[in-house]
Every structure is written in C-alpha cells, then in structure tokens.
Amino acid sequence: MFVLGNPSSVELLFPTDGDQSVTQFPLFQWRYDGSLSRVSVFERLPGQTTLEEATSGVPHLVQEVAGLSLQYPTAGVRTLQPGKTYVWFVDGLVRSAGGTIQTAHSALRSFTVSTGGSPAIEGTLLDRLERALGPRYKSLFDQLRTNAYNASGDLMLNNRPMNSGQLDSLLNLIRQNPNLVTGAHVE
C-alpha cells in the first residue's frame, strides 16, 4: 500500500484570520501532510503595520507538535492578553536526505483575544456556532436573531459546565466534521 501526501503545504484552520472572539487559550488547528510541525505565536505591537513585522519580535510561543493541533498552554509560556492581537503561523517540518530539515511555511494569520469573560456572555456565541455549522442552518440562526435570543447562564455539555477551551474544541470538531450534527432546533 502506498500513501501519497504533499508535505510542502500548510493550511491554517483555526483561529481564522481576523477572529476577535478567541480565548486566552486557543486551540490552534491546521492541515499538513507531514508528521511534525512548529507553531509560532507573536504579539502584534502598536505601530506594527504588517503581520510580518510582528513575527520579527520575541515569540510568545514556539513549539514543535507531532499532530495537527495545539492547545495554547496554561503555564510555561507568556499568557495571551485580552484585547491584544497576535500573529501565528505553522512551519511544516520535513526531514530530507542527509538528515536536514526542510520547512513548509503557512500563511500568517492574526487574531484578537476577546475582552469578555465567556463567549456566551460577550454575544459572539451565536456567530461562532453559525460559522461552525455552516450555511445549512442559516434559517435557524435568522430565527434566533429575529426573536432576539441570547445566551445566558453557563454553557453545558452532557450536563456539565463547559469552559471556553472546551467550547473551542467542540466548535472546531463540528467545523471539521459537519456530518456529526444531524439536526438543530430551538426549544
């Protein structure tokens, strides 16, 4: 059996470019056919006009990953601050003949850490759910907005409170596997 892949391309999935509802501990996700990647995260400082400028500074995180996702650590690295914008990218690492490592660079993406407490409280939960579920549930989201529904209380999953990191993981799972959701309605 042969498995063909293209380890010369890295596609960033989440957080999306310009996302302003990211938690302090985002789940970074990307597509890459190789087995080893390096994730880098930089703060975009005032006065930096391009994403490239931001990546010339001191990184908040540089970590090698054997997989296609990374949960931003809660300890051991500089904390992402609410209201600040960050730039991230992934280098796919390919070992070539002679033991050298070739890199495949992704595009640069930026995101802003939310200043609200929980995504439900800050009012973007509906938008995030709609983006994850895609266009097939547009009428449901139109109905929710028309009737001025909003989230209140705690987010729950299987009768247990859910934190923002778990919400991010769930939304990313739905985004990557849209067939997992077989229906959505208002009760």
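Cβ separations smaller than 8 Å between residues 6+ apart or across chains give the following pairs from segment 23-39 residues that are outside any strand (DSSP E or B) to residues that are among the aromatic types (Phe, Trp, Tyr): GLN24/TYR72; PHE25/TYR72; PRO26/PHE14; PRO26/TYR72; PRO26/PHE111.
Inspection of segment 104-127 identifies at least one residue that is touching a Ser or Thr at 6+ places or on another chain (Cβ under 8 Å), of a type in the set (A, V, I, L, M) and at pLDDT below 80. Scanning segment 57-66 for residues that are of a type in the set (Asp, Glu) and modelled with pLDDT under 90 turns up nothing. Within segment 129-158, the set of residues being modelled with pLDDT of 75 or more and either over 19 Å from SER21 (Cβ atoms) or assigned by TED's automatic domain parsing to the domain that holds GLN29 (or both) comprises PRO135, ARG136, LYS138, SER139, LEU140, ASP142, GLN143, THR146, ASN158.
Out of the residues in segment 58-77 meeting the condition of being of a type in the set (Ser, Thr, Tyr) and either buried (at least 16 other Cβ atoms within 10 Å of the Cβ) or in contact (Cβ under 8 Å) with a residue 60 or more places away in the chain (or both), tell me which one is farthest from SER169 (Cα to Cα). Result: TYR72. Comparison of SER69, SER21 shows that the only residue that is closer than 30 Å to MET156 by Cβ, touching a Ser or Thr at 6+ places or on another chain (Cβ under 6 Å) and not assigned by TED's automatic domain parsing to the domain that holds GLN166 is SER21.
In segment 79-102, which residues are in contact (Cβ under 8 Å) with a residue 24 or more places away in the chain, surrounded by fewer than 13 Cβ atoms within 10 Å (Cβ to Cβ) and farther than 21 Å from SER21 by Cβ? Matches in segment 79-102: none.
When you go through LEU180, LEU167 one by one, which is the residue that is under 19 Å from SER69 (Cβ atoms), at pLDDT 75 or above and surrounded by 10 or more Cβ atoms within 10 Å (Cβ to Cβ)? Talk me through it step by step, then tell me what you get.
On the way: LEU180 fails: surrounded by 10 or more Cβ atoms within 10 Å (Cβ to Cβ).
Only one candidate qualifies: LEU167.
The values are calculated or read from the model by the stated rules, or taken from the named source; none is laboratory data. Everything quoted here is computed from the prediction, not taken from an experiment. A quick note on method: Cβ atoms are made from the backbone with ideal geometry, for glycine too, and the neighbour counts reach across all protein chains shown.
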